[in-house]
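Shown next, in structure tokens, is the structure this report addresses.
The values are calculated or read from the model by the stated rules, or taken from the named source; none is laboratory data. Everything quoted here is computed from the prediction, not taken from an experiment. As a convention, Cβ positions derive from the backbone with ideal geometry for all residues, glycine included, and neighbour counts pool all protein chains shown. Calculation scope for accessible area: heavy atoms of the full protein, side chains included, ligands and nucleic acids excluded. Shrake-Rupley method; radii C 1.70, N 1.55, O 1.52, S 1.80 Å.
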Amino acid sequence: MLSLMKSALAVVILGGAATVAAQELKPIYPLAVTAAKDGTIYLADRNLPGVWKMVDGKPVLYFQASKKFRTPLNAVRCLAIDNDGKLLAGDSSTREIYRFDDAGQPQPLTKGGVGIPMALAVDARGDIWAADIEIHRIVKIPSAGGEAAIIAEVPAPRGLAFDGEGRLWVVSQGKDQIVRLSADGKTSEVIVSGQPFSFPHQIAFDAAGTAYVTDGYSKAVWKVAPPAAPVKLVGGSPLDNPVGIARNGEKLLVIDPRANSLFEVATDGKLTTMTLGPPIK
């Protein structure tokens with residue numbers, strides 16, 4: 001802990017970006033990953049707390065939040081990119097969803113209108129959808145911000161992703177682990193019945209429209225292509241507790257907080273490791 005405090009003191013934050021003065025600060029517990037259309041990658045670090053930006057294959061501090069509870073991004077849990085290329089972040093400490101402005105500062109969108117946002121997704125209109133695990137609901141926030149409207153009830157929702165037809169796929173820890181909502185959220189159907197996953201987290205689609213789910217307890221990434229049953233795309237070491245997943249071009253990005261690594265996964269299962277910092281033991 002003392003070494004982390006010393007490292008933190010060495011970081012100088014200027015307008016949302018960061019320069020490291022004396023000692024290099026490393027990611028501590030990265031939970032979520034997202035990628036912009038230009039390939040820029042961001043990581044949400046729950047225990048830093050804050051957000052990293054990958055630059056030339058290395059994490060560079062983008063925003064460091066305060067350790068003080070109920071301050072912005074003190075408990076950042078999820079990320080997404082909006083339709084204008086802006087970074088979105090969900091934070092359970094302030095019960096808020098933020099959009100980063102041009103100066104790299106998080107601006108609140110809902111006036112504390114969410115509980116524990118575990119995942120974010122943006123629809124074609126630009127509206128923001130969040131999985132609120134506290135109230136077991138999927139909520140929608142207008143693109144410009146405003147009141148979070150309850151759309152659907154889903155037990156313990158953890159992951160969200162829109163498919164090519166504008167339907168929202170939701171990873172649940174309920175009796176059926178993937179459900180799909182219609183574009184307006186009014187109807188739902190079970191996509192993966194039962195509980196084939198041990199502890200599912202996030203979901204993402206590849207360029208062909210196939211879904212993939214991270215499974216922390218199984219140390220795996222599953223391929224989901226109904227009507228076939230889910231199959232493991234990759235599993236075991238070096239994966240330890242894969243949580244976040246996002247598409248980046250033709251490949252997938254998977255973030256693993258226990259391994260403290262960012263993995264690039266091809267759709268054939270080939271895996272490339274980018275170590276971010278010391279693993280959790």
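Tally time: how many residues in the stretch 162-178 are open to solvent by 10 Å² or more (accessible area, probe 1.4 Å) and touching a residue at least 40 places away in the same chain (Cβ under 8 Å)?
So the count comes out to 5.
Of the numbered conditions (1) surrounded by 21 or more Cβ atoms within 10 Å (Cβ to Cβ); (2) under 23 Å from His201 (Cβ atoms), Leu61 satisfies every one except a single condition; which is it?
So Leu61 meets the others, but not (2).
Spot the failing condition for Leu48; the list is (1) under 16 Å from Leu253 (Cα atoms); (2) among the hydrophobic types (A, V, I, L, M, F, W, C); (3) part of a loop (DSSP other than H, G, I, E, B), and only one is missed.
Among (1) under 16 Å from Leu253 (Cα atoms); (2) among the hydrophobic types (A, V, I, L, M, F, W, C); (3) part of a loop (DSSP other than H, G, I, E, B), Leu48 violates only (1).
Just to be sure I understand the filter: pairs with C-beta atoms under 7 Å, separated by 6 or more residues or on different chains, first member in the stretch 52-70 and more than 29 Å from Lys111 (Cα to Cα), second member not in a strand (DSSP E or B). Which pairs pass?
Pro59/Pro27; Pro59/Leu276
Need a quick list: strands (runs of 3 or more DSSP E) entirely within the stretch 184-281 having at least 3 residues that are more than 18 Å from the chain's Cα centre (by Cα) and under 18 Å from Ser172 (Cβ atoms). It would help to see each step written out before you state the result.
On the way: elements: 188-192, 200-205, 211-215, 220-224, 231-235, 244-248, 251-256, 261-265, 271-275.
Passing ranges, in order: 188-192.
For Gly85, all conditions in the list (1) under 13 Å from the mean Cα position of the chain (by Cα); (2) of a type outside the set (A, V, I, L, M); (3) in a loop (DSSP other than H, G, I, E, B) hold save one; what is the number of the exception?
For Gly85, the failing item is (1).
If you check every pair at least six apart or on different chains, which have Cβ atoms under 8 Å apart with a residue in the stretch 17-43 that is within 17 Å of Asp240 (Cα to Cα) first and a residue that is surrounded by fewer than 22 Cβ atoms within 10 Å (Cβ to Cβ) and modelled with pLDDT under 95 second?
That search, which allows pairs on different chains as well, returns Pro27/Gly277; Ile28/Leu4; Ile28/Gly277; Tyr29/Ile280.
Which ones in the stretch 121-178 are closer than 19 Å to Arg95 by Cβ, among the β-branched types (Val, Ile, Thr) and touching a Lys or Arg at 6+ places or on another chain (Cβ under 6 Å)?
The answer is Ile150, Ile151.
Determine the pairs where a residue that is closer than 24 Å to Gly85 by Cβ and charged (D, E, K, R), located within the stretch 110-137, has a partner that is open to solvent by 20 Å² or more (accessible area, probe 1.4 Å) and in a strand (DSSP E or B) with Cβ atoms under 8 Å apart, the partner being 6 or more residues away or on another chain.
Final answer for the pair search is Asp123/Phe162; Asp127/Lys140.
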